[in-house]
1. Could you give me the residue pairs with C-beta distances under 8 Å whose first residue belongs to the range 45-66 and is in the same structural domain as residue 84 (by TED's automatic domain parsing), whose second residue is in a helix (DSSP H, G or I) and loosely packed, with under 14 Cβ neighbours inside 10 Å wherever it lies, and which are 6+ apart or on separate chains?
2. Which of the residues belonging to the range 92-121 are at pLDDT 90 or above and crowded, with 18+ Cβ neighbours inside 10 Å?
3. Of all the residues that make up the range 80-107, how many are within 11 Å of residue 131 (Cα to Cα), basic (Lys, Arg) and assigned to a loop (DSSP other than H, G, I, E, B)?
4. When residues of the range 372-389 are filtered for being among the basic types (Lys, Arg) and either under 15 Å from residue 526 (Cα atoms) or touching a Ser or Thr at 6+ places or on another chain (Cβ under 6 Å) (or both), how many remain?
5. For the subset of the range 346-381 comprising residues that are part of a helix (DSSP H, G or I) and among the polar types (S, T, N, Q), which member is modelled with the lowest pLDDT?
6. Among residues belonging to the range 414-450 that are among the aliphatic types (A, V, I, L, M) and under 60 Å from the mean Cα position of the chain (by Cα), point out the one that is nearest to residue 574 (Cα to Cα).
7. Check off (1) at pLDDT 75 or above; (2) over 26 Å from residue 394 (Cα atoms) for residue 513 and give me the number that stays unchecked.
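The values are calculated or read from the model by the stated rules, or taken from the named source; none is laboratory data. This one's a predicted model, so the numbers in the text were calculated from it and none came from an experiment. Cβ atoms come from the backbone with ideal geometry, glycine included; neighbour counts cover every protein chain shown.
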Amino acid sequence: MQNKTVRIIQPKVHVNLDDLSRPILKKRVCAYVRVSTDNLEQKTSYEAQREEYTKRISENPDWEFCGIYADEGISGTSTKNRKQFNLMIARAKKGELDIILTKSISRFARNTVDALNFIRELRKVKVEIFFEKENLSSIDPKVEFFFTMMASMAQEEARNVSENVKWNVQRRFREGVPIINHARFLGYTKEKRGGNLVIEPKEAEIVKLIFNLYIGGLGPSAIAERMMELKYKTGAGKSLWRVSTVASVLKNEKYMGNMLQQKTVSTDYLNHTRVKNKNHAPTYYTENSHDAIINKETFDLAQHIRKERAQVRVGENKNLSKYTNKYPFSAMIICSECGRTLKRRYWNYGSKSQRVMQQCGNYIDGKAHCNAKASYQEVLEGTTIQMLNEVFLKDLNIMDTIKNVIKSTLVMDDLQNEIDGMNLELQETENMLSNLIDTRVKTPGFSESIFTNKYNEYTSKMNYLSKEISKLELELEHVKTFDTKQRLDTINTLLKNRDLVIDTLDSDILGSFIYKMISVNPGEVVFCVAGTKNYSDTEFSDNRKKFLKLKPIYTGAYYNKKYDKSMDYRVVII
(Lines give C-alpha, C1' and ligand atoms only; values in the text may rest on other atoms or scores of the structure.)
Protein backbone atom coordinates (compact mmCIF):
# COMPACT_ATOMS: atom_id res chain seq x y z
CA MET A 1 0.00 0.00 0.00
CA GLN A 2 1.31 3.39 -0.97
CA ASN A 3 1.89 5.94 1.78
CA LYS A 4 -0.94 8.46 2.22
CA THR A 5 -0.18 12.10 1.89
CA VAL A 6 -2.36 14.87 3.19
CA ARG A 7 -2.16 18.36 1.74
CA ILE A 8 -3.71 21.25 3.60
CA ILE A 9 -5.39 23.84 1.40
CA GLN A 10 -5.79 27.18 3.13
CA PRO A 11 -8.89 29.24 2.30
CA LYS A 12 -8.37 32.07 -0.11
CA VAL A 13 -8.55 35.52 1.38
CA HIS A 14 -10.72 37.89 -0.61
CA VAL A 15 -9.96 41.52 -0.08
CA ASN A 16 -12.86 43.96 -0.50
CA LEU A 17 -11.53 47.33 -1.60
CA ASP A 18 -14.63 49.03 -0.16
CA ASP A 19 -13.80 47.63 3.28
CA LEU A 20 -10.27 48.98 3.06
CA SER A 21 -11.54 52.46 2.39
CA ARG A 22 -14.09 52.29 5.22
CA PRO A 23 -13.06 53.87 8.60
CA ILE A 24 -12.67 51.50 11.55
CA LEU A 25 -15.85 51.74 13.65
CA LYS A 26 -15.58 52.25 17.39
CA LYS A 27 -17.04 49.65 19.73
CA ARG A 28 -20.20 50.86 21.44
CA VAL A 29 -19.59 50.25 25.13
CA CYS A 30 -21.72 50.62 28.28
CA ALA A 31 -21.36 49.50 31.86
CA TYR A 32 -23.76 47.90 34.31
CA VAL A 33 -23.49 48.80 38.01
CA ARG A 34 -25.49 47.42 40.92
CA VAL A 35 -25.24 47.59 44.69
CA SER A 36 -27.48 45.40 46.83
CA THR A 37 -28.09 47.67 49.83
CA ASP A 38 -28.66 51.35 50.51
CA ASN A 39 -26.21 51.91 53.35
CA LEU A 40 -23.60 54.67 53.18
CA GLU A 41 -20.67 52.37 52.36
CA GLN A 42 -22.44 50.76 49.42
CA LYS A 43 -23.73 54.16 48.29
CA THR A 44 -20.15 55.40 48.05
CA SER A 45 -19.14 52.29 46.07
CA TYR A 46 -22.08 52.80 43.75
CA GLU A 47 -21.08 56.38 42.91
CA ALA A 48 -17.41 55.42 42.56
CA GLN A 49 -18.22 52.69 40.02
CA ARG A 50 -20.29 55.08 37.92
CA GLU A 51 -17.49 57.64 37.82
CA GLU A 52 -14.79 55.04 37.07
CA TYR A 53 -16.67 53.41 34.17
CA THR A 54 -17.68 56.75 32.67
CA LYS A 55 -14.06 57.96 32.68
CA ARG A 56 -12.56 54.69 31.39
CA ILE A 57 -14.97 54.25 28.47
CA SER A 58 -14.84 57.91 27.44
CA GLU A 59 -11.03 58.00 27.43
CA ASN A 60 -10.61 54.84 25.29
CA PRO A 61 -10.16 55.98 21.66
CA ASP A 62 -11.53 52.70 20.31
CA TRP A 63 -14.75 52.90 22.35
CA GLU A 64 -17.89 54.96 22.05
CA PHE A 65 -19.52 55.75 25.40
CA CYS A 66 -23.13 54.47 25.48
CA GLY A 67 -24.06 55.19 29.06
CA ILE A 68 -24.06 53.67 32.54
CA TYR A 69 -26.95 51.43 33.55
CA ALA A 70 -27.34 51.29 37.29
CA ASP A 71 -29.75 49.61 39.69
CA GLU A 72 -29.47 50.63 43.32
CA GLY A 73 -30.70 48.70 46.33
CA ILE A 74 -32.29 45.85 44.37
CA SER A 75 -31.65 42.15 44.95
CA GLY A 76 -29.60 40.39 42.33
CA THR A 77 -31.34 37.02 42.66
CA SER A 78 -33.95 38.04 40.11
CA THR A 79 -33.80 40.32 37.07
CA LYS A 80 -37.57 40.89 36.98
CA ASN A 81 -37.53 44.20 38.90
CA ARG A 82 -34.17 45.57 37.66
CA LYS A 83 -35.40 48.28 35.30
CA GLN A 84 -32.02 49.57 34.17
CA PHE A 85 -30.72 46.05 33.59
CA ASN A 86 -33.73 45.15 31.45
CA LEU A 87 -33.41 48.39 29.46
CA MET A 88 -29.74 47.63 28.76
CA ILE A 89 -30.53 44.09 27.56
CA ALA A 90 -33.29 45.46 25.29
CA ARG A 91 -30.84 47.92 23.66
CA ALA A 92 -28.28 45.19 23.20
CA LYS A 93 -30.79 42.96 21.42
CA LYS A 94 -31.65 45.84 19.09
CA GLY A 95 -28.00 46.03 18.00
CA GLU A 96 -27.26 49.31 19.75
CA LEU A 97 -24.45 47.93 21.96
CA ASP A 98 -21.26 45.91 21.34
CA ILE A 99 -19.70 45.51 24.80
CA ILE A 100 -21.15 45.50 28.33
CA LEU A 101 -18.71 45.99 31.21
CA THR A 102 -19.62 44.83 34.70
CA LYS A 103 -17.65 44.45 37.90
CA SER A 104 -18.29 40.74 38.51
CA ILE A 105 -20.61 37.82 37.89
CA SER A 106 -22.29 38.39 41.27
CA ARG A 107 -23.06 42.00 40.28
CA PHE A 108 -24.55 40.84 36.97
CA ALA A 109 -26.68 37.98 38.34
CA ARG A 110 -26.80 35.42 41.12
CA ASN A 111 -29.32 33.27 39.27
CA THR A 112 -27.36 30.85 37.09
CA VAL A 113 -30.17 30.08 34.69
CA ASP A 114 -30.95 33.76 34.02
CA ALA A 115 -27.30 34.68 33.60
CA LEU A 116 -26.56 31.89 31.11
CA ASN A 117 -29.69 32.69 29.14
CA PHE A 118 -28.65 36.34 28.80
CA ILE A 119 -25.10 35.39 27.77
CA ARG A 120 -26.42 33.06 25.06
CA GLU A 121 -29.00 35.55 23.81
CA LEU A 122 -26.47 38.39 23.57
CA ARG A 123 -23.89 36.12 21.95
CA LYS A 124 -26.36 35.58 19.08
CA VAL A 125 -26.40 39.33 18.39
CA LYS A 126 -22.59 39.51 18.87
CA VAL A 127 -22.68 41.48 22.13
CA GLU A 128 -19.84 40.80 24.55
CA ILE A 129 -20.15 40.91 28.34
CA PHE A 130 -16.87 41.40 30.19
CA PHE A 131 -16.66 40.46 33.88
CA GLU A 132 -13.70 42.38 35.27
CA LYS A 133 -13.11 40.67 38.59
CA GLU A 134 -12.99 37.23 36.94
CA ASN A 135 -11.21 38.61 33.81
CA LEU A 136 -13.74 36.68 31.77
CA SER A 137 -15.45 37.45 28.46
CA SER A 138 -18.78 35.99 27.37
CA ILE A 139 -17.41 35.27 23.87
CA ASP A 140 -14.70 32.96 25.27
CA PRO A 141 -15.62 29.32 24.31
CA LYS A 142 -14.85 28.17 27.87
CA VAL A 143 -17.07 30.81 29.47
CA GLU A 144 -20.07 28.57 30.04
CA PHE A 145 -18.07 26.08 32.08
CA PHE A 146 -16.45 28.74 34.24
CA PHE A 147 -19.59 30.83 34.43
CA THR A 148 -21.76 27.90 35.53
CA MET A 149 -19.31 27.03 38.26
CA MET A 150 -18.88 30.60 39.50
CA ALA A 151 -22.55 31.55 39.22
CA SER A 152 -23.51 28.39 41.11
CA MET A 153 -21.19 29.46 43.89
CA ALA A 154 -22.79 32.91 43.84
CA GLN A 155 -26.22 31.33 43.90
CA GLU A 156 -25.22 29.25 46.91
CA GLU A 157 -23.95 32.43 48.53
CA ALA A 158 -27.37 34.03 47.92
CA ARG A 159 -29.02 31.02 49.55
CA ASN A 160 -26.74 31.32 52.56
CA VAL A 161 -27.46 35.04 52.84
CA SER A 162 -31.19 34.30 52.62
CA GLU A 163 -30.93 31.67 55.36
CA ASN A 164 -28.93 34.05 57.57
CA VAL A 165 -31.46 36.84 57.09
CA LYS A 166 -34.31 34.40 57.79
CA TRP A 167 -32.59 33.17 60.96
CA ASN A 168 -32.05 36.74 62.17
CA VAL A 169 -35.69 37.67 61.49
CA GLN A 170 -36.96 34.56 63.32
CA ARG A 171 -34.69 35.35 66.26
CA ARG A 172 -36.30 38.79 66.49
CA PHE A 173 -39.73 37.14 66.26
CA ARG A 174 -38.86 34.84 69.18
CA GLU A 175 -37.83 37.87 71.21
CA GLY A 176 -41.12 39.60 70.42
CA VAL A 177 -39.49 42.42 68.44
CA PRO A 178 -42.06 43.86 65.97
CA ILE A 179 -41.11 43.78 62.28
CA ILE A 180 -43.90 45.89 60.81
CA ASN A 181 -44.27 48.53 58.14
CA HIS A 182 -45.58 51.11 60.61
CA ALA A 183 -45.82 53.76 57.87
CA ARG A 184 -48.94 51.97 56.55
CA PHE A 185 -50.27 50.78 59.92
CA LEU A 186 -53.36 52.72 61.01
CA GLY A 187 -53.32 53.62 64.70
CA TYR A 188 -49.64 53.02 65.48
CA THR A 189 -46.19 54.41 64.80
CA LYS A 190 -42.77 53.22 65.98
CA GLU A 191 -40.34 54.43 68.59
CA LYS A 192 -37.18 55.90 67.10
CA ARG A 193 -35.19 53.72 69.47
CA GLY A 194 -36.19 50.17 70.22
CA GLY A 195 -38.74 49.87 67.42
CA ASN A 196 -41.71 49.30 69.75
CA LEU A 197 -45.21 50.19 68.58
CA VAL A 198 -46.64 53.43 69.95
CA ILE A 199 -50.27 54.53 69.68
CA GLU A 200 -51.02 57.46 67.35
CA PRO A 201 -54.01 59.09 69.15
CA LYS A 202 -55.93 60.54 66.17
CA GLU A 203 -55.65 57.37 64.12
CA ALA A 204 -56.55 55.28 67.17
CA GLU A 205 -59.91 57.05 67.34
CA ILE A 206 -60.59 55.95 63.75
CA VAL A 207 -59.79 52.33 64.69
CA LYS A 208 -62.16 52.51 67.68
CA LEU A 209 -64.91 53.94 65.49
CA ILE A 210 -64.51 51.10 62.96
CA PHE A 211 -64.90 48.46 65.68
CA ASN A 212 -67.88 50.25 67.27
CA LEU A 213 -69.68 50.61 63.95
CA TYR A 214 -69.08 46.96 63.12
CA ILE A 215 -70.34 45.67 66.45
CA GLY A 216 -73.26 48.09 66.11
CA GLY A 217 -74.42 46.25 62.99
CA LEU A 218 -72.74 47.93 60.01
CA GLY A 219 -70.84 45.78 57.52
CA PRO A 220 -67.36 46.56 56.10
CA SER A 221 -68.86 48.11 52.95
CA ALA A 222 -71.05 50.54 54.92
CA ILE A 223 -68.15 51.34 57.27
CA ALA A 224 -65.90 52.11 54.29
CA GLU A 225 -68.51 54.55 52.98
CA ARG A 226 -68.80 56.18 56.42
CA MET A 227 -65.01 56.62 56.63
CA MET A 228 -65.01 58.39 53.26
CA GLU A 229 -67.95 60.59 54.30
CA LEU A 230 -65.95 61.63 57.37
CA LYS A 231 -62.89 62.21 55.11
CA TYR A 232 -60.67 59.94 57.20
CA LYS A 233 -57.44 58.57 55.72
CA THR A 234 -56.39 54.91 55.61
CA GLY A 235 -53.16 53.71 57.17
CA ALA A 236 -51.50 54.27 53.79
CA GLY A 237 -52.78 57.85 53.72
CA LYS A 238 -55.38 57.15 51.03
CA SER A 239 -58.82 58.77 50.87
CA LEU A 240 -60.36 55.69 49.24
CA TRP A 241 -61.50 53.07 51.73
CA ARG A 242 -62.07 49.57 50.39
CA VAL A 243 -63.98 46.71 52.01
CA SER A 244 -60.67 44.82 52.32
CA THR A 245 -59.14 47.80 54.15
CA VAL A 246 -61.85 47.73 56.82
CA ALA A 247 -61.72 43.93 57.04
CA SER A 248 -57.95 43.99 57.61
CA VAL A 249 -58.44 46.39 60.55
CA LEU A 250 -61.18 44.26 62.10
CA LYS A 251 -59.14 41.04 62.07
CA ASN A 252 -55.76 42.49 63.10
CA GLU A 253 -54.87 41.15 66.55
CA LYS A 254 -52.33 43.94 67.07
CA TYR A 255 -55.15 46.34 67.96
CA MET A 256 -55.75 44.42 71.22
CA GLY A 257 -52.04 44.58 72.13
CA ASN A 258 -51.00 41.14 70.85
CA MET A 259 -48.89 40.34 67.83
CA LEU A 260 -48.81 37.38 65.43
CA GLN A 261 -45.71 37.42 63.24
CA GLN A 262 -44.56 35.46 60.18
CA LYS A 263 -48.04 35.34 58.69
CA THR A 264 -46.42 35.02 55.26
CA VAL A 265 -43.22 33.28 54.20
CA SER A 266 -40.91 33.32 51.17
CA THR A 267 -40.89 29.92 49.51
CA ASP A 268 -38.13 30.66 46.98
CA TYR A 269 -35.06 32.76 47.74
CA LEU A 270 -34.46 33.34 44.02
CA ASN A 271 -37.81 34.77 42.89
CA HIS A 272 -38.90 35.89 46.41
CA THR A 273 -42.37 34.37 46.11
CA ARG A 274 -44.37 34.98 49.29
CA VAL A 275 -47.38 32.94 50.35
CA LYS A 276 -49.62 32.72 53.40
CA ASN A 277 -47.93 30.72 56.13
CA LYS A 278 -50.10 27.61 56.16
CA ASN A 279 -47.85 25.17 58.03
CA HIS A 280 -44.81 26.24 56.00
CA ALA A 281 -42.97 27.64 59.02
CA PRO A 282 -43.57 28.50 62.69
CA THR A 283 -45.64 31.55 63.60
CA TYR A 284 -44.83 33.69 66.64
CA TYR A 285 -47.62 35.02 68.86
CA THR A 286 -46.63 37.61 71.45
CA GLU A 287 -49.18 38.66 74.07
CA ASN A 288 -49.14 42.14 75.60
CA SER A 289 -46.39 43.18 73.22
CA HIS A 290 -47.56 46.81 73.09
CA ASP A 291 -50.35 49.11 74.25
CA ALA A 292 -53.82 48.10 73.01
CA ILE A 293 -56.27 50.38 71.19
CA ILE A 294 -59.19 47.89 71.47
CA ASN A 295 -59.85 45.87 74.60
CA LYS A 296 -59.89 42.08 74.35
CA GLU A 297 -63.65 41.76 74.91
CA THR A 298 -64.46 44.12 72.03
CA PHE A 299 -61.95 42.43 69.71
CA ASP A 300 -63.26 38.93 70.54
CA LEU A 301 -66.82 40.09 69.93
CA ALA A 302 -65.86 41.48 66.52
CA GLN A 303 -64.23 38.14 65.59
CA HIS A 304 -67.34 36.28 66.73
CA ILE A 305 -69.51 38.49 64.51
CA ARG A 306 -67.09 38.07 61.58
CA LYS A 307 -67.27 34.31 61.88
CA GLU A 308 -71.03 34.37 62.23
CA ARG A 309 -71.49 36.61 59.20
CA ALA A 310 -69.06 34.62 57.08
CA GLN A 311 -71.08 31.44 57.07
CA VAL A 312 -74.60 30.21 57.55
CA ARG A 313 -75.89 26.65 57.32
CA VAL A 314 -78.45 26.13 54.58
CA GLY A 315 -80.13 23.19 52.86
CA GLU A 316 -80.61 19.59 53.89
CA ASN A 317 -76.92 18.74 53.71
CA LYS A 318 -75.99 21.79 55.80
CA ASN A 319 -73.50 23.04 53.22
CA LEU A 320 -71.85 26.36 54.00
CA SER A 321 -72.60 29.39 51.83
CA LYS A 322 -71.63 33.06 52.09
CA TYR A 323 -73.95 35.57 53.63
CA THR A 324 -75.17 38.21 51.19
CA ASN A 325 -77.36 40.26 53.54
CA LYS A 326 -75.40 39.88 56.79
CA TYR A 327 -78.40 38.85 58.92
CA PRO A 328 -82.05 38.11 58.07
CA PHE A 329 -83.18 41.15 60.09
CA SER A 330 -80.56 43.59 58.72
CA ALA A 331 -82.33 46.92 57.95
CA MET A 332 -85.64 45.02 58.28
CA ILE A 333 -87.10 46.17 61.62
CA ILE A 334 -87.90 49.76 62.61
CA CYS A 335 -88.81 51.22 65.97
CA SER A 336 -92.47 52.25 66.34
CA GLU A 337 -91.52 55.16 68.61
CA CYS A 338 -88.90 56.98 66.55
CA GLY A 339 -88.77 55.15 63.20
CA ARG A 340 -85.07 54.31 63.47
CA THR A 341 -83.79 50.89 62.35
CA LEU A 342 -83.16 48.26 65.03
CA LYS A 343 -79.62 46.93 65.27
CA ARG A 344 -78.21 43.60 66.40
CA ARG A 345 -76.44 43.87 69.77
CA TYR A 346 -74.70 41.44 72.13
CA TRP A 347 -75.48 41.69 75.81
CA ASN A 348 -73.10 40.20 78.41
CA TYR A 349 -70.89 38.70 75.71
CA GLY A 350 -68.73 35.83 76.94
CA SER A 351 -70.76 35.22 80.10
CA LYS A 352 -73.40 32.60 80.88
CA SER A 353 -76.12 35.23 80.46
CA GLN A 354 -74.94 36.16 76.97
CA ARG A 355 -77.78 36.95 74.54
CA VAL A 356 -78.36 38.68 71.24
CA MET A 357 -80.81 41.59 71.16
CA GLN A 358 -82.44 43.84 68.58
CA GLN A 359 -82.23 47.41 69.83
CA CYS A 360 -83.26 50.80 68.43
CA GLY A 361 -80.36 52.72 66.89
CA ASN A 362 -81.48 55.92 68.63
CA TYR A 363 -81.52 54.16 72.02
CA ILE A 364 -77.97 52.94 71.35
CA ASP A 365 -76.91 56.54 70.66
CA GLY A 366 -78.41 57.58 74.00
CA LYS A 367 -81.56 56.97 76.05
CA ALA A 368 -82.53 60.60 75.60
CA HIS A 369 -83.15 59.96 71.90
CA CYS A 370 -85.58 57.04 72.33
CA ASN A 371 -87.02 55.02 75.22
CA ALA A 372 -87.87 51.86 73.24
CA LYS A 373 -86.83 48.63 74.94
CA ALA A 374 -84.75 45.94 73.20
CA SER A 375 -86.27 42.69 71.90
CA TYR A 376 -84.71 39.25 72.17
CA GLN A 377 -83.28 38.15 68.82
CA GLU A 378 -84.28 34.51 69.37
CA VAL A 379 -87.83 35.52 70.28
CA LEU A 380 -88.12 37.62 67.11
CA GLU A 381 -86.72 34.77 65.02
CA GLY A 382 -89.12 32.26 66.54
CA THR A 383 -92.07 34.62 66.05
CA THR A 384 -91.12 35.23 62.41
CA ILE A 385 -90.67 31.54 61.61
CA GLN A 386 -94.05 30.71 63.21
CA MET A 387 -95.73 33.55 61.32
CA LEU A 388 -94.34 32.42 57.95
CA ASN A 389 -95.45 28.85 58.53
CA GLU A 390 -98.88 29.76 59.93
CA VAL A 391 -99.81 32.56 57.53
CA PHE A 392 -98.23 31.65 54.23
CA LEU A 393 -97.59 27.90 54.30
CA LYS A 394 -100.75 26.57 55.97
CA ASP A 395 -103.48 28.95 54.82
CA LEU A 396 -104.22 27.86 51.23
CA ASN A 397 -106.41 30.92 50.69
CA ILE A 398 -103.84 33.46 51.82
CA MET A 399 -103.10 34.69 48.29
CA ASP A 400 -106.77 35.47 47.66
CA THR A 401 -106.87 37.35 50.95
CA ILE A 402 -103.79 39.39 50.06
CA LYS A 403 -105.13 40.20 46.58
CA ASN A 404 -108.48 41.32 47.98
CA VAL A 405 -106.82 43.57 50.53
CA ILE A 406 -104.54 45.06 47.86
CA LYS A 407 -107.54 45.67 45.59
CA SER A 408 -109.46 47.39 48.37
CA THR A 409 -106.52 49.66 49.15
CA LEU A 410 -105.90 50.87 45.59
CA VAL A 411 -108.04 53.99 46.13
CA MET A 412 -105.70 54.93 48.98
CA ASP A 413 -102.74 55.02 46.66
CA ASP A 414 -101.18 58.45 46.19
CA LEU A 415 -101.25 58.07 42.44
CA GLN A 416 -104.97 57.35 42.42
CA ASN A 417 -105.67 60.32 44.66
CA GLU A 418 -103.69 62.58 42.34
CA ILE A 419 -105.50 61.25 39.28
CA ASP A 420 -108.91 61.77 40.94
CA GLY A 421 -107.98 65.34 41.81
CA MET A 422 -106.90 66.13 38.25
CA ASN A 423 -110.02 64.52 36.80
CA LEU A 424 -112.14 66.74 39.05
CA GLU A 425 -110.19 69.82 37.95
CA LEU A 426 -110.58 68.76 34.30
CA GLN A 427 -114.34 68.38 34.74
CA GLU A 428 -114.60 71.83 36.32
CA THR A 429 -112.60 73.37 33.46
CA GLU A 430 -114.83 71.66 30.89
CA ASN A 431 -117.91 73.10 32.67
CA MET A 432 -116.36 76.56 32.65
CA LEU A 433 -115.66 76.28 28.91
CA SER A 434 -119.22 75.11 28.28
CA ASN A 435 -120.61 78.06 30.25
CA LEU A 436 -118.36 80.44 28.29
CA ILE A 437 -119.68 79.16 24.99
CA ASP A 438 -123.31 79.36 26.21
CA THR A 439 -122.75 82.96 27.33
CA ARG A 440 -121.24 83.89 23.99
CA VAL A 441 -124.22 82.39 22.09
CA LYS A 442 -126.88 83.96 24.31
CA THR A 443 -125.19 87.38 24.52
CA PRO A 444 -124.68 88.96 21.04
CA GLY A 445 -122.74 91.91 22.46
CA PHE A 446 -120.23 89.73 24.37
CA SER A 447 -116.65 90.94 23.84
CA GLU A 448 -114.83 88.92 21.18
CA SER A 449 -111.39 89.49 22.74
CA ILE A 450 -112.53 88.35 26.21
CA PHE A 451 -114.13 85.25 24.71
CA THR A 452 -110.99 84.38 22.73
CA ASN A 453 -108.67 84.83 25.73
CA LYS A 454 -110.85 82.75 28.06
CA TYR A 455 -111.42 80.09 25.42
CA ASN A 456 -107.65 79.69 24.88
CA GLU A 457 -107.02 79.62 28.63
CA TYR A 458 -109.58 76.85 29.26
CA THR A 459 -108.56 74.69 26.29
CA SER A 460 -104.86 74.95 27.17
CA LYS A 461 -105.55 73.91 30.73
CA MET A 462 -107.70 70.99 29.56
CA ASN A 463 -104.95 69.79 27.22
CA TYR A 464 -102.37 70.00 30.01
CA LEU A 465 -104.57 68.11 32.50
CA SER A 466 -105.42 65.41 29.96
CA LYS A 467 -101.72 64.75 29.27
CA GLU A 468 -100.83 64.65 32.98
CA ILE A 469 -103.72 62.28 33.73
CA SER A 470 -102.57 59.94 30.96
CA LYS A 471 -99.05 59.88 32.41
CA LEU A 472 -100.28 59.15 35.92
CA GLU A 473 -102.68 56.46 34.73
CA LEU A 474 -99.84 54.77 32.88
CA GLU A 475 -97.72 54.90 36.04
CA LEU A 476 -100.59 53.55 38.12
CA GLU A 477 -101.12 50.72 35.69
CA HIS A 478 -97.44 49.88 36.00
CA VAL A 479 -97.78 49.74 39.79
CA LYS A 480 -100.88 47.56 39.60
CA THR A 481 -99.78 45.16 36.91
CA PHE A 482 -96.00 44.94 37.37
CA ASP A 483 -94.76 45.64 40.90
CA THR A 484 -97.69 44.04 42.67
CA LYS A 485 -97.80 41.14 40.24
CA GLN A 486 -94.08 40.61 40.63
CA ARG A 487 -94.34 40.49 44.42
CA LEU A 488 -97.29 38.12 44.33
CA ASP A 489 -95.62 35.88 41.75
CA THR A 490 -92.56 35.57 44.01
CA ILE A 491 -94.75 34.46 46.91
CA ASN A 492 -96.71 32.09 44.65
CA THR A 493 -93.50 30.46 43.47
CA LEU A 494 -92.48 29.72 47.05
CA LEU A 495 -95.95 28.46 47.92
CA LYS A 496 -96.04 25.92 45.08
CA ASN A 497 -94.09 23.58 47.33
CA ARG A 498 -96.86 22.78 49.81
CA ASP A 499 -94.53 20.50 51.77
CA LEU A 500 -92.19 23.40 52.54
CA VAL A 501 -91.66 23.99 56.23
CA ILE A 502 -89.46 26.86 57.40
CA ASP A 503 -87.35 25.97 60.41
CA THR A 504 -84.42 28.37 59.87
CA LEU A 505 -84.77 32.06 59.16
CA ASP A 506 -83.33 33.03 55.78
CA SER A 507 -83.03 36.60 54.51
CA ASP A 508 -84.14 35.73 50.95
CA ILE A 509 -87.30 33.89 52.07
CA LEU A 510 -88.18 36.54 54.64
CA GLY A 511 -87.70 39.34 52.08
CA SER A 512 -89.94 37.54 49.58
CA PHE A 513 -92.92 37.55 51.96
CA ILE A 514 -92.34 40.56 54.20
CA TYR A 515 -91.39 44.11 53.19
CA LYS A 516 -90.61 45.50 56.67
CA MET A 517 -91.32 44.88 60.35
CA ILE A 518 -92.34 47.35 63.04
CA SER A 519 -91.27 46.64 66.62
CA VAL A 520 -94.08 47.94 68.86
CA ASN A 521 -92.43 46.75 72.09
CA PRO A 522 -90.45 43.70 73.30
CA GLY A 523 -93.69 41.70 73.29
CA GLU A 524 -95.26 42.80 69.97
CA VAL A 525 -94.26 43.09 66.33
CA VAL A 526 -96.13 43.98 63.13
CA PHE A 527 -95.22 42.32 59.80
CA CYS A 528 -95.87 44.49 56.74
CA VAL A 529 -96.59 42.83 53.39
CA ALA A 530 -95.95 45.13 50.39
CA GLY A 531 -99.05 46.13 48.45
CA THR A 532 -99.26 48.57 45.56
CA LYS A 533 -96.64 51.16 46.54
CA ASN A 534 -92.86 51.09 46.71
CA TYR A 535 -92.00 52.92 49.91
CA SER A 536 -88.54 54.35 50.49
CA ASP A 537 -87.05 53.77 53.94
CA THR A 538 -87.90 57.36 54.90
CA GLU A 539 -91.48 57.07 53.64
CA PHE A 540 -92.00 53.81 55.48
CA SER A 541 -90.68 55.32 58.69
CA ASP A 542 -92.87 58.43 58.31
CA ASN A 543 -95.99 56.30 57.71
CA ARG A 544 -95.38 53.74 60.47
CA LYS A 545 -98.18 55.08 62.70
CA LYS A 546 -100.66 54.73 59.82
CA PHE A 547 -99.53 51.17 59.16
CA LEU A 548 -100.01 50.22 62.81
CA LYS A 549 -103.70 51.21 62.51
CA LEU A 550 -104.38 49.00 59.47
CA LYS A 551 -106.71 46.04 59.87
CA PRO A 552 -104.60 42.88 60.10
CA ILE A 553 -105.14 39.87 57.83
CA TYR A 554 -103.73 37.61 60.56
CA THR A 555 -102.88 37.75 64.24
CA GLY A 556 -101.00 35.28 66.40
CA ALA A 557 -98.68 34.76 69.36
CA TYR A 558 -95.39 32.97 69.97
CA TYR A 559 -93.84 31.66 73.21
CA ASN A 560 -90.12 31.09 73.82
CA LYS A 561 -89.39 28.58 76.59
CA LYS A 562 -85.69 29.41 76.91
CA TYR A 563 -86.32 33.01 77.98
CA ASP A 564 -89.93 32.55 79.12
CA LYS A 565 -90.96 35.35 76.75
CA SER A 566 -94.11 35.78 74.64
CA MET A 567 -94.56 37.91 71.50
CA ASP A 568 -97.82 38.89 69.78
CA TYR A 569 -97.75 39.56 66.05
CA ARG A 570 -99.96 41.04 63.36
CA VAL A 571 -99.72 40.86 59.57
CA VAL A 572 -100.90 43.88 57.56
CA ILE A 573 -100.93 44.86 53.87
CA ILE A 574 -99.46 48.31 53.27
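1. These pairs meet every condition: 65/58.
2. Listed by number, the residues that qualify are 92, 97, 98, 99, 100, 101, 102.
3. Here the count works out to 1.
4. Final tally of qualifying residues: 0.
5. Filtering the range 346-381 for residues that are part of a helix (DSSP H, G or I) and among the polar types (S, T, N, Q), the one modelled with the lowest pLDDT comes out as 362.
6. Per the stated criteria, the residue is 415.
7. All conditions are met except number (2).
Residues are listed down the side, and each one gets a yes or a no for (1) assigned to a strand (DSSP E or B); (2) crowded, with 17+ Cβ neighbours inside 10 Å; (3) in contact (Cβ under 8 Å) with a residue 40 or more places away in the chain; (4) in contact with a Cys (Cβ under 9 Å, 6 or more places away or on another chain):
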site	(1), (2), (3), (4)
502	no, yes, yes, no
505	no, yes, yes, no
526	yes, yes, yes, no
538	no, no, no, no
541	no, yes, yes, yes
547	no, yes, no, yes
557	yes, no, no, no
563	no, no, yes, no
572	yes, yes, yes, yes
